Each structure stands twice: as structure tokens, then as C-alpha cells.
Amino acid sequence: MFFRNFANSTPTAILWHMAEQLNSMAPVVSANENKLVDRPFRVKLRGSVLALVRLPNRRSVRAAFHQLSTSGGIIHLEKPLDEKLEVELIFHLRESTIRSKAQMLFPMWATQGWMQPFRFVELSDASRETLDTNLKSFLGEAATGTAAGA
């Protein structure tokens, strides 16, 4: 599998690479209008939602979502996948099943496996709306739980 070897790199080089990836998901200027388009909100799921990652060779890998938004997210994997690999993600949120193609981004080592960001490449409008609604319900539950615990 391809991943960058940072063994001889400085911490600055590593942070620079991570910043480049974050900037690729930053707000963009719309081509039709000269105003910023906000990036979608993200929900921290911390492994509470599982996913099946179907590889191009039709094999499957299990993963858990660390963060999720309507544009992509971060999954926790036992072993990293190749950067720029296109996979199919299948997961359940509430009563909905979402199935979409995603492109894997550069993986990061975590204490128990790998955190690997991804971006959706073919998320249908219907799936995007379903995902948006379900993610907002997670936020609502988190806010209610915080208020109840205070």
C-alpha cells in the first residue's frame, strides 16, 4: 500500500501536508457568484456508526466513523487504504442506508489503528438530504444531552 514515509521528515513537513489536506476541504468561492460557500458541518461520531468499505476488487473492510459530514469524513481502520483509492461506503444512520462512492485521502496513525479521511465523490441528492437530516438529529441529541446533564 502507498503512504508517505515521514520517518526523516520534520514536524513542520508533516503539519504542512496535513494543512494541505484540510485546505482542500475549506470553504470555496462559488464560480457563479463572488461569495464564500460554507463547508458542511461535521458531527463527531467517535466510532458509534459502523461502515462497510467495499474495495475495487470487491473485497470488504470494516470501519467506524470518527467524523462525518455531507462532503466526507474520517473513518477508523485497522490498516490504511491507498490514498486516492475510490471505494464504496455502505452504512446505516437511523432507519436509512447510505451507499456512495468515496475517495480515500492520506491516512494518519492513531493509537489503535489508522484514521483516514475521505470525501464523497458520488453522493446522490436524496442520500445527501437523508445524511444531512440524520446528522442534524445527532446534533440535536447531543445538545439535549448536554442541557440535561448541566
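Each label point is 7 Å from the Cα along the Cα-to-Cβ direction; what then is the distance between the points at S71 and F41, in nm?
Result for the modelled spin labels: 1.6 nm.
Apply the Kirkwood formula to the stretch 73-117: the hydrodynamic radius equals the inverse of the mean of 1/r over all pairs of different alpha-carbon atoms; give it in Å with one decimal.
For the stretch 73-117, the Kirkwood estimate is 11.3 Å.
What is the extension gain from T111 to E86, computed as 0.36 nm multiplied by their sequence separation minus the C-alpha to C-alpha distance, in nm to one decimal?
Length difference between fully extended and current span is 6.5 nm.
Quick one: ranking S48, S60 by accessible area, 1.4 Å probe, largest first, what do you get?
Final ranking, largest accessible area leading: S48, S60.
So if each residue of separation counts as 0.36 nm, and I subtract the Cα-Cα distance between A64 and K136, what length gain in nm does that give?
Additional length available on full extension: 24.0 nm.
The values are calculated or read from the model by the stated rules, or taken from the named source; none is laboratory data. Computed from a predicted model, the values in this text were never measured in an experiment. Glycine also receives a Cβ, built like all others from the backbone with ideal geometry; neighbour counts cover every protein chain displayed. Please note that ligands, DNA and RNA were not included when accessible areas were found on the heavy atoms of the full protein model with its side chains. Shrake-Rupley method; radii C 1.70, N 1.55, O 1.52, S 1.80 Å.
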